[in-house]
Amino acid sequence: MNMKNTILLLSVIIISLSNIDAQNNRNNQIDSVSNSINIGPMGDIFILQYGKKISDKDVLIFGVSYTNPAILNVIQYPGTEQIYTLELGYRRYIWRGLHAEFQLDPQYFLCTDTVENKDYNGFGLTPELRFGYRFDFRIAKVPFHFNIQWFAGYHIINPKPKSFQVVDGGSFYFSPIPMFFFGIKF
């Protein structure tokens, strides 16, 4: 599937999902916007997500993320890498704030391999499974939340150079360090 068809397919999915609100009672809806700036041991990953509640236990996730080349301080690739990601996901609450989430992440990679002195740019596709807990609280009557998630994924399409894949183990990844999200509900 070429890039044009992939973008068209994703656009149709997003437009279709945005009309789900007409089928639900708006009074029971609590949508949310979350952001995550993970700086430190896991590098620099910036995420902005919108959560669309479709039932008491189900949420659709739409988001974007950017992985800064500072991630190399942890992974130590032989070169540089930047990743731009569109996040499309589904979250299911199991008990209170405990949840499981599945995401399909189309990605665009910009890599420079210093071993081969060559640039690698390309489209990647990664399904990711996340488990976490969301804590709800209020500050001055404004409903906020804090979400902590552990995740694992697999690069179905992996455009990274071979020298990068040797360092990170290839296509499967698991993060022992969680991601933290802070958000507001409306």
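The values are calculated or read from the model by the stated rules, or taken from the named source; none is laboratory data. In this text the structure is predicted, and so the values were computed from the model without any measurement. Quick reminder, even Gly has a Cβ in these numbers, built from the backbone with ideal geometry, and neighbours come from all protein chains shown.
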List the number of the failed condition for ILE148; all other conditions in (1) out of contact with any Pro (no Cβ under 6 Å at 6 or more places or on another chain); (2) surrounded by fewer than 18 Cβ atoms within 10 Å (Cβ to Cβ); (3) closer than 21 Å to ILE45 by Cα; (4) not charged (D, E, K, R) hold.
(1)
Count, please, the residues in the stretch 97-110 that happen to be buried (at least 19 other Cβ atoms within 10 Å of the Cβ) and either more than 23 Å from PHE151 (Cα to Cα) or of a type in the set (Phe, Trp, Tyr) (or both).
1
Using beta carbons and a limit of 6 Å, which pairs, at least six apart or on different chains, have the first residue in the stretch 109-131 and in contact (Cβ under 8 Å) with a residue 40 or more places away in the chain and the second one among the basic types (Lys, Arg) and not in a strand (DSSP E or B)?
CYS111/LYS160
What's the number of the only condition in (1) surrounded by 15 or more Cβ atoms within 10 Å (Cβ to Cβ); (2) out of contact with any Asp or Glu (no Cβ under 6 Å at 6 or more places or on another chain) that VAL142 fails to meet?
(1)
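Scan ARG91, ARG96 and give me the residue that is touching a Gly at 6+ places or on another chain (Cβ under 9 Å), among the charged types (D, E, K, R) and at pLDDT 90 or above. I'd like the intermediate steps shown before the answer.
Working: ARG96 fails: touching a Gly at 6+ places or on another chain (Cβ under 9 Å).
Just a single option satisfies the conditions, and that option is ARG91.
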Looking at (1) within 22 Å of GLN76 (Cβ to Cβ); (2) assigned to a strand (DSSP E or B); (3) hydrophobic (A, V, I, L, M, F, W, C), find the lone condition where PHE131 falls short.
(1)
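Okay, residues lined up against (1) over 23 Å from TYR173 (Cβ atoms); (2) surrounded by 14 or more Cβ atoms within 10 Å (Cβ to Cβ); (3) touching a helix residue (DSSP H, G or I) at 6+ places or on another chain (Cβ under 9 Å); (4) not hydrophobic (A, V, I, L, M, F, W, C):
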site: LYS53; (1), (2), (3), (4): yes, yes, yes, yes
site: LEU60; (1), (2), (3), (4): yes, yes, yes, no
site: GLY63; (1), (2), (3), (4): no, yes, no, yes
site: TYR90; (1), (2), (3), (4): no, yes, no, yes
site: ASP119; (1), (2), (3), (4): no, no, no, yes
site: PHE131; (1), (2), (3), (4): no, yes, no, no
site: ILE156; (1), (2), (3), (4): no, no, no, no
Are there any pairs, at least 6 apart or on different chains, whose C-beta atoms fall under 6 Å, with the first in the stretch 158-186 and under 23 Å from GLY51 (Cβ atoms) and in a strand (DSSP E or B) and the second at pLDDT 85 or above and of a type outside the set (S, T, N, Q), and if so, which?
SER175/PHE151; PRO178/ILE148; PRO178/TRP150; PHE180/ILE148; PHE182/PHE146; GLY183/HIS145; ILE184/PHE144; LYS185/PRO143
